[in-house]
Amino acid sequence: MTARLALDAPPLRVQRLSLAESLKLADGGRTPFGGLGYGTPESLAWMPGVDARVLSGGGPMADVWLAGEHIESGITGAVRWRSDGHWTLGAIELEEAFERQGVAALAERAYRDLFATLEETGCNHLQRIWNYLPQINGDGGGMERYRQFNAGRQQAFVEAGQAAFEGAPAACALGIHQGALAIRFLAGRSAPLAIENPRQVSAYRYPTLYGPRAPTFSRAALADIGAGDLALFVSGTASIVGHETQHLGDVVAQTQETLRNLRAVVAEANARGSAVFDVANLDIVAYVRHAADAPTVRHELEAALGAEAGTLQGAVFLEADICRQDLLVEIEAHAVAAGSLNVLDAAAA
Ligand code: 3EB
């Protein structure tokens, strides 16, 4: 048994582009499958954005996804989605002010609609999720809003029969200053291989110290995206060893610890297939709690990877709150490389 894509499946591709390059690509005749914009205009329906300030010099950026020629779009509950039949990209926006329910119930509803979309499009396997929660560290009536979010999210996974522990999708969860609860997701027809970080307790096994229900994500996911390539989706990665935050108040040391975690996750992924991923060649988004820390984080990445590293060329820096009060920086990433999963791992995915 292998996890290879059906032979007729067009490969999934992703490109990190400036807004201008994204628009040119969209005008060029081939409709992009979808995009995830950073600082891009709200009017682009195919490219839902992140409502956070872009701190990198290149201005608005996007990850533009390409898939099959025939793209269907639809609305399922709170989800706007696009699908080529093999891959589904979806976006959820829920304005809390209009919803009259707590964050846990809101998250549960969002994820219920997300899972309904997977059913409807026949792409039942989540690969990657991006969560943006307004005021993530704020109080949600006796419990931090992020912890409430975790409760509702895990509940929805369990109710939908989706992997809430081992095998959970890769994800990130950031705080935005204002706006709606925003969730973006990529799903496909087969399960990716979940990757953990040996330096860290799996997030879905965090002790209740961090909230009654654990966060639902794996450290990374490795997916066969067709035409002989694997995609690596690296979840939000921060200065956590075991389950504890390291280097309180020290953004330099937190960035270095985050890099050690990124290297560990990439090494785990490389051990599971023939593709060779490299921390120096990832498409990253670096989220900093304090805008003034962005140059410091960039400097640390340059010192570790070299200023000319691909990782730094297209790096997007965003101002956002991190899900733990004591985290100052979080880095997420994806990359594509030629290769296939180890046969045994493919069978297990
Ligand atoms: C951590 O390692 C940092 O709740 O979906 C990173 C990635 C984090 C995803 C999530 C949270 C999430 O625990 C926080």
Charge dipole (the chain, unit charges on Cβ, about Cα centre) - positive-most of P134, L209, A307: L209
Quick one: 3J(HN,Hα) in Hz for the range 282-292, Karplus 6.51/-1.76/1.60 with θ = phi - 60°, rounded, Gly and Pro as x. 10, 8, 10, 10, 9, 9, 10, 5, 10, 3, 5
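Grab the other residues whose beta carbon is less than 9 angstrom from that of A286, score K and R as +1, D and E as -1, and report the net. Write down the numbers at each step before the final one.
Values: positive: R298; negative: E330, E332.
Summing Lys/Arg as +1 and Asp/Glu as -1 gives -1.
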Given backbone amide H placed at 1.01 Å from N, residues whose amide H is under 5 Å from that of I195, ignoring those fewer than 5 places away on the same chain, are R219, A220, A221, L222
Hey, what does the equivalent ellipsoid look like for the range 13-348, semi-axes from the Cα gyration tensor as sqrt of 5 times each eigenvalue, largest first, whole Å? 25, 24, 22
From the phi angles alone, apply the Karplus equation (6.51, -1.76, 1.60; θ = phi - 60°) to the range 202-212 and give each ³J(HN,Hα) in whole Hz, x where the residue is Gly or Pro. 4, 4, 6, 10, 4, x, 5, 3, 9, x, x
As a percent rounded to 5, the proportion of antiparallel DSSP bridges among beta bridges in the range 112-191 is 50 percent
Per residue of the range 102-111, what does 6.51 cos²θ - 1.76 cosθ + 1.60 with θ = phi - 60° give for ³J(HN,Hα)? Whole Hz please, x for Gly and Pro, Karplus curve as stated. x, 5, 4, 5, 5, 5, 4, 5, 4, 6
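If you take the beta carbon distance between A347 and Q313 as r and set R0 to 45 Å, what does 1/(1 + (r/R0)^6) give as a FRET efficiency, to the nearest 0.05?
Numbers: r = 37 Å, r/R0 = 0.82.
Efficiency for this residue pair is about 0.75.
Could you compute the net charge surrounding W130? Neighbours are other residues with a C-beta less than 14 Å from the C-beta of W130; K and R count +1, D and E count -1.
Values: positive: R128, R153, R184; negative: D51, D63, E93, D283, E330, E332.
Overall, the nearby charge balance is -3.
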Label model pair L44, A20: point-to-point distance (7 angstrom along the Cα→beta-carbon line) in nm is 1.4 nm
When the charge dipole of the range 13-348 is computed with +1 on Lys and Arg Cβ and -1 on Asp and Glu Cβ about the Cα centre, the Cα farthest towards its positive end, among L344, F98, V276, belongs to L344
Name the residue farthest towards the positive end of the dipole of the chain from the options G85, F157, H290, assuming +1 on Cβ of Lys and Arg, -1 on Cβ of Asp and Glu, about the Cα centre. F157
For A173, residues with placed amide H under 5 Å, excluding near neighbours: N131, G236
Estimated dipole of the chain in Debye, rounded to 20 [Cβ of Lys and Arg +1, of Asp and Glu -1, Cα centre]: 360 debye
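Every read-out reported here was derived from the displayed coordinates using simple, explicitly stated rules and does not represent laboratory data. Nothing here was measured: the structure is a model prediction, and the numbers come from that model. Ideal geometry is used to build each Cβ from the backbone, glycine not excepted, and the neighbour counts take in all protein chains shown.
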